[in-house]
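Below is one structure, written out as structure tokens, with a few remarks after it.
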Amino acid sequence: MAALIDVILPVFLVIGFGYLAVWKGYFNDSGVDGLMKFTQGFAIPCLLFRAISTLDLGQNFDLTLLATFYTGALAGFTAGLLGARFLFKRDWEDSVAIGFCCLFSNSLLLGLPITERAYGASALEANYAIIAIHSPFCYGVGITAMEIARNRGGSIAALPAKVLSAMFRNSLILGITLGFIVNLGGIPVPGVLTDALDLMVRAALPAALFGLGGVLYRYRPEGDMRAILYVVAVSLILHPAVVWSIAQVNDLSIPQTRSAMLTAAMAPGINAYVFANMYGKAKRVAASAVLVGTGASILTVWCWLALLP
């Protein structure tokens, strides 16, 4: 119960304040859009840049950790894709969008603050290692699968260019890429610039959580409930269960297991809807799965926290 009250509820209360503010008309849709554009387009890329540019890549970029987490993510994508196609009889493009919902956990807006509240800021190194390739990996998988589904029987020669073009229009990926360039190149960053970036970073997560509440109010569930509940079950139960099992086999350290598990246990992120909207496929399922999954994760994350050492 202490984990629920001290770790999880403060994060969801901030989301709830955003939801309530939009519901009661204290904060309008244009304000939500502006806040999310600021956080996702500027503040969070700054956070990722600072984290990756200062991360000890040799110590924290453990291939076993990444293989453990991303095997679970691919299991979620596969379950979502095949379930949508064969259980719910959706077309292949809808199925890819639904599979992406099961692939893209909310590693930033939920995973980071919950891990930090549970285990302290020093526990985030493994989270940042996972997040460093989260958007590139997930968008790479999703865009590749969608382009294959949309161009069945066509030439695949143009596929790599399409995938890279779509990925590098994403500001999160740009922030991560610049962080790697600075880190690997040993490029010094002036103190005045890092101080400015740190001001942006401090605003990133609380503002994004508040904005997420407003976004979730906008996308209330409307139909497709069986598919929505399937996505939520894959995201909140199957994905972390696979990661937990592989972590035991791979003998991950306790901090690595915590970070991998909590990241895997998060609800689908808002990027699930961004991806569905980008292709105009399964938008209702994606938006509602983010809302229902975020609400349900209050209890499921509590249960996963109880199992972690």
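The values are calculated or read from the model by the stated rules, or taken from the named source; none is laboratory data. Not measured: the values here are computed from a predicted model. Cβ placement follows ideal geometry from the backbone for every residue including glycine, while neighbour counts extend to all protein chains displayed. Accessible surface areas use protein heavy atoms only, side chains included; no ligands, DNA or RNA. Shrake-Rupley method; radii C 1.70, N 1.55, O 1.52, S 1.80 Å.
In the set (1) open to solvent by 30 Å² or more (accessible area, probe 1.4 Å); (2) in contact (Cβ under 8 Å) with a residue 40 or more places away in the chain; (3) among the hydrophobic types (A, V, I, L, M, F, W, C), CYS303 fails one condition alone, (2).
Report yes if THR71 is outside any loop (DSSP other than H, G, I, E, B), more than 17 Å from ILE173 (Cα to Cα) and within 19 Å of the chain's Cα centre (by Cα), otherwise no. Yes; evaluated as a whole, the condition is true for this residue.
In segment 266-278, is there at least one residue being over 22 Å from ALA208 (Cβ atoms) and either open to solvent by 50 Å² or more (accessible area, probe 1.4 Å) or free of Cβ contacts under 8 Å to residues at least 40 places away in the same chain (or both)? If you could, list the steps in order and put the result at the bottom.
First, pick out the residues of segment 266-278 that are over 22 Å from ALA208 (Cβ atoms): none.
No - not one qualifying residue is present in segment 266-278.
May I ask you to verify whether SER245 is surrounded by fewer than 16 Cβ atoms within 10 Å (Cβ to Cβ), assigned to a helix (DSSP H, G or I) and in contact with a Gly (Cβ under 9 Å, 6 or more places away or on another chain)? Lay out the reasoning, then the answer.
Details: surrounded by fewer than 16 Cβ atoms within 10 Å (Cβ to Cβ): yes; assigned to a helix (DSSP H, G or I): yes; in contact with a Gly (Cβ under 9 Å, 6 or more places away or on another chain): yes.
Answer is yes for this residue.
With respect to the stated conditions, GLY295 is within 16 Å of the chain's Cα centre (by Cα), open to solvent by 30 Å² or more (accessible area, probe 1.4 Å) and not β-branched (Val, Ile, Thr).
What helices (runs of 4 or more DSSP H) lie completely within segment 80-198 and have 1 or more residues being modelled with pLDDT of 90 or more? Break it down stepwise before answering.
Details: elements: 92-103, 112-119, 125-132, 134-150, 159-167, 171-185.
In segment 80-198, 92-103, 112-119, 125-132, 134-150, 171-185 are the helices (runs of 4 or more DSSP H) which contain 1 or more residues that are modelled with pLDDT of 90 or more.
In segment 61-107, what count of residues is obtained for those that are surrounded by fewer than 23 Cβ atoms within 10 Å (Cβ to Cβ) and among the β-branched types (Val, Ile, Thr)? Residues flagged as surrounded by fewer than 23 Cβ atoms within 10 Å (Cβ to Cβ) and among the β-branched types (Val, Ile, Thr) within segment 61-107 amount to 3. The set of residues in segment 45-60 being of a type in the set (Gly, Ala, Ser) and either open to solvent by 40 Å² or more (accessible area, probe 1.4 Å) or modelled with pLDDT of 95 or more (or both) consists of GLY58 alone. Within segment 199-234, if we keep just the residues that are basic (Lys, Arg) and assigned to a helix (DSSP H, G or I), the residue that is modelled with the highest pLDDT turns out to be ARG226. Selection of first residues in segment 18-30 that are of a type in the set (A, V, I, L, M) and of second residues that are open to solvent by 70 Å² or more (accessible area, probe 1.4 Å) and modelled with pLDDT under 90, restricted to Cβ pairs under 9 Å at least 6 apart or on distinct chains, gives the following pairs, ordered by first then second residue: VAL22/ASP29; VAL22/ARG218.
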